[in-house]
Amino acid sequence: MAAPKKGRRSPGGQGRPGRVLAFILIAMVALVGGMFASGQTTPRLGIDLAGGTSFTLEAKNTPGQPNAITTTNMNTAAGIIERRVNGLGVTESEVQTQGKKHIIVNIPKGTNAKQAREQVGTTAQLTFRPVIVAAPAGKLPEPTPSASAGTGKDKGDKSKDKAKDAEKDKKDAEKGKPSGTPTASAPGSSATPSGSHTQGRAVTEALKAPQAPKPPTPSPKPSGGAANDLQKQFAALDCSTKEARSQAAKQAGRAKDTDEVVVCDKDGQEKLLLGPVAVKGVDVTEAKAALDTQRATGWQVQLKFNGSGAKKFADITGKLAAKPEPQNRFAIVMDNQAVSAPSVRSAIPGGSAEISGNFDQSSADDLANMLSYGALPLSFDVVTETTVSAALGGEQLRAGLIAGAIGLALVVIYLVVYYRGLALVALASLAASAVLTYTIMVLLGKAIGFALNLPAVCGAIVAIGITADSFIVYFERVRDEIRDGRSLRPAVERGWPRARRTILVSDFVSFLAAAVLFIVTVGKVQGFAFTLGLTTLLDVVVVFFFTKPLMTLLARRKFFASGHPWSGLDPKRLGAKPPLRASRRRPSAPVDPKEA
């Protein structure tokens, strides 16, 4: 008989199962180590398990605007509400639209329910304020006192001069004129668009990440007054932290439209001292993102104002265009955070304006949506408020775990009774799948905020049956080969290709169902779909990289290879045929024609 060619493995080849097992064991150890290194060793729980508060908001039109409730407006409103909830320090909240005019907000425990209710039920506040002082996000250094000391008379004269200057700045601010020291001395340059857009339009430039030189400390305000407190607040504010941005937004929210305020930009890269409100968001009639193909300036945001808004906008931009940096900037403030602070290059009459700069389509759409929402004639009422206690969530979790334990116990009993020694392979594979599923869920909770809710627990319980089914398919294929008279080692290898096809088709159908369910549903049902899809993928990984190599190694052990009665692979118990090598066909004796 010719020997098999080099480089080709015979159908009964065993491969290198030890390396494959080592690979998946190393991966499991790495995942477990990453879980402990992250500092979180338990999955994050959703509102139905951990407890919390659920709000249902209903959108209402304002008088004279009967058709304002649209899909676009509702999605924009949901995005604003989600940012508000996140501003409270909540990282596991769920904000989603339901139907045509409802928004569901789920907030886990640990959040002030009254504060959250006020946040989610309030219409967004959009304003335009002139920039007085701009600085990097961090704290400003304390002013260094002068080394020289004058006479008492000189000090008194200087104090009087400073008080007069500060009083003048305050009066200018009350008239809508920016005061304070600018971050740069370069004056703002004007720019007039060319072509048919010249009449009634001008261009502003959006500064996404200002890289201005470090500004000097703002001019001191009168001692002991509100202006001095604002000055200290601006110097001490550090917008690089989420908590500080949230606190600054709360303080700015308590100010009047005629007051100066200190705010952070939404990215935490800059802090701004702003003057009184010059234009309100309700004066914006339209905001949209557009690609400038004529001047090739890229994506921009186009604004239109109503009659009163156009006049106020023209007045304030005319004043700002003549000022140096940063006092020629105009901050767009949404919910007491600056979403953009473009520089004004010239007066903008006519009620139309453009914001251009370092925009891509996504960022331009985001800014346009925020500007549009500030003018939406929508308000929301909290129609239902449901509180889920942590005790109730704990009971649901215990009930789910008990159901999972009962299901797992029944699977184990079945495997032990029917497959005997092969049950060790199945149990080891189930343990590997459980370790992978648990660690990945914990890490996803840390990485993307995945929260384990009750439907997700149900998905994990269903996955036990799916995983066990894959083992049963492979075991039965091996037992079929033994029934045909083959020994265990070739039976393990010959049964694998047919079992592999069946397992892949079955898991593909399960994963497809989970993917469709995840896409077409919202809320808690997505947790079930996500868990089912994740465990289905892990089932393929475990069967290919753990179950199959483990079976190959056990087939070399005498206990299984000899067909021990407790191995689950006893040829006699399976009703095996005689070995194939002993079933050679003998030549038949000649038949007498007469007998025939």
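The values are calculated or read from the model by the stated rules, or taken from the named source; none is laboratory data. Not measured: the values here are computed from a predicted model. Cβ sites come from the backbone with ideal geometry, for glycine too, and all protein chains shown count toward neighbours.
So, of the residues in region 64-96 that are within 13 Å of the chain's Cα centre (by Cα), part of a loop (DSSP other than H, G, I, E, B) and not hydrophobic (A, V, I, L, M, F, W, C), which turns out to be modelled with the lowest pLDDT? Can you show your working first?
Initial filter on region 64-96 (within 13 Å of the chain's Cα centre (by Cα)): 79, 82-83, 86, 90-95.
Restricting the remaining residues to those that are part of a loop (DSSP other than H, G, I, E, B) gives 90-93.
From what's left, not hydrophobic (A, V, I, L, M, F, W, C): 91-93.
Working: Thr91: 52, Glu92: 57, Ser93: 69.
Per the criteria, the residue is Thr91.
Among the helices (runs of 4 or more DSSP H) confined to region 459-567, the ones with at least 2 residues that are among the β-branched types (Val, Ile, Thr) and out of contact with any Phe, Trp or Tyr (no Cβ under 6 Å at 6 or more places or on another chain) are located at 488-520, 524-542.
Scan region 424-431 and tell me whether some residue there is over 24 Å from Ile503 (Cα atoms), among the polar types (S, T, N, Q) and touching a residue at least 40 places away in the same chain (Cβ under 8 Å).
No, every residue in region 424-431 fails to be over 24 Å from Ile503 (Cα atoms), among the polar types (S, T, N, Q) and touching a residue at least 40 places away in the same chain (Cβ under 8 Å).
If the condition is being at pLDDT below 85 and either farther than 20 Å from Ala529 by Cα or within 20 Å of the chain's Cα centre (by Cα) (or both), then region 416-454 contributes Gly445, Lys446, Ala447, Ile448, Gly449, Phe450, Ala451, Leu452, Asn453. Thr41 falls short on exactly one of the conditions (1) closer than 20 Å to Lys288 by Cα; (2) not in a helix (DSSP H, G or I), and that condition is (1).
Pairing each residue of region 275-286 that is more than 15 Å from Val131 (Cα to Cα) and assigned by TED's automatic domain parsing to the domain that holds Asn306 with any residue that is surrounded by 20 or more Cβ atoms within 10 Å (Cβ to Cβ) and of a type in the set (S, T, N, Q), provided the two are 6+ apart or on different chains, yields C-beta distances under 8 Å for Lys280/Thr127; Gly281/Thr127; Val284/Ser372; Glu286/Ser372. Is one or more of the residues making up region 281-303 charged (D, E, K, R), buried (at least 21 other Cβ atoms within 10 Å of the Cβ) and not in a strand (DSSP E or B)? Within region 281-303, one or more residues are charged (D, E, K, R), buried (at least 21 other Cβ atoms within 10 Å of the Cβ) and not in a strand (DSSP E or B).
When you look at Thr437, is it touching a residue at least 40 places away in the same chain (Cβ under 8 Å), within 23 Å of Met28 (Cβ to Cβ) and buried (at least 23 other Cβ atoms within 10 Å of the Cβ), yes or no? Quick ask: steps written out before the conclusion?
Working: touching a residue at least 40 places away in the same chain (Cβ under 8 Å): yes; within 23 Å of Met28 (Cβ to Cβ): yes; buried (at least 23 other Cβ atoms within 10 Å of the Cβ): no.
When the stated conditions are applied, Thr437 does not pass them.
Among the residues of region 256-268, some residue qualifies, meaning at least one is in contact with a strand residue (DSSP E or B) (Cβ under 9 Å, 6 or more places away or on another chain), outside any strand (DSSP E or B) and modelled with pLDDT under 85. Just wondering, is there one or more residues in region 369-386 that are among the aromatic types (Phe, Trp, Tyr), at pLDDT 85 or above, under 32 Å from the mean Cα position of the chain (by Cα) and farther than 30 Å from Arg573 by Cβ? Scanning region 369-386 turns up no residue that is among the aromatic types (Phe, Trp, Tyr), at pLDDT 85 or above, under 32 Å from the mean Cα position of the chain (by Cα) and farther than 30 Å from Arg573 by Cβ. Exactly one residue out of Asp507, Asp484 is touching a residue at least 40 places away in the same chain (Cβ under 8 Å), acidic (Asp, Glu) and surrounded by fewer than 16 Cβ atoms within 10 Å (Cβ to Cβ): that is Asp484.
Within region 540-578, restricting attention to residues that are of a type in the set (Phe, Trp, Tyr) and more than 19 Å from Asp480 (Cβ to Cβ), the residue that is surrounded by the most Cβ atoms within 10 Å (Cβ to Cβ) is Phe546. Apart from one condition, Phe528 fits all of (1) out of contact with any Cys (no Cβ under 9 Å at 6 or more places or on another chain); (2) closer than 22 Å to Thr467 by Cβ; the exception is (1). Residue pairs whose Cβ atoms lie under 6 Å apart, separated by 6 or more positions or on different chains, with the first residue in region 538-549 and closer than 14 Å to Leu25 by Cβ and the second of a type outside the set (A, V, I, L, M, F, W, C), are Val542/Ser429; Val542/Ser433; Phe546/Ser429; Thr547/Ser429; Pro549/Pro17.
Being modelled with pLDDT under 85 and assigned to a strand (DSSP E or B) is the filter here; which residues of region 328-352 pass it? Within region 328-352, Met334, Gln337, Val339, Ser340 qualify.
Is one or more of the residues making up region 370-379 surrounded by fewer than 18 Cβ atoms within 10 Å (Cβ to Cβ), of a type outside the set (Gly, Ala, Ser) and not in a loop (DSSP other than H, G, I, E, B)? Show your work before the answer.
So the first thing to find is which residues in region 370-379 are surrounded by fewer than 18 Cβ atoms within 10 Å (Cβ to Cβ), and the list is 377, 379.
From what is left, the residues that are of a type outside the set (Gly, Ala, Ser) are 377.
After this cut, where a residue has to be not in a loop (DSSP other than H, G, I, E, B) as well, the list is none.
Looking through region 370-379, none of the residues is surrounded by fewer than 18 Cβ atoms within 10 Å (Cβ to Cβ), of a type outside the set (Gly, Ala, Ser) and not in a loop (DSSP other than H, G, I, E, B).
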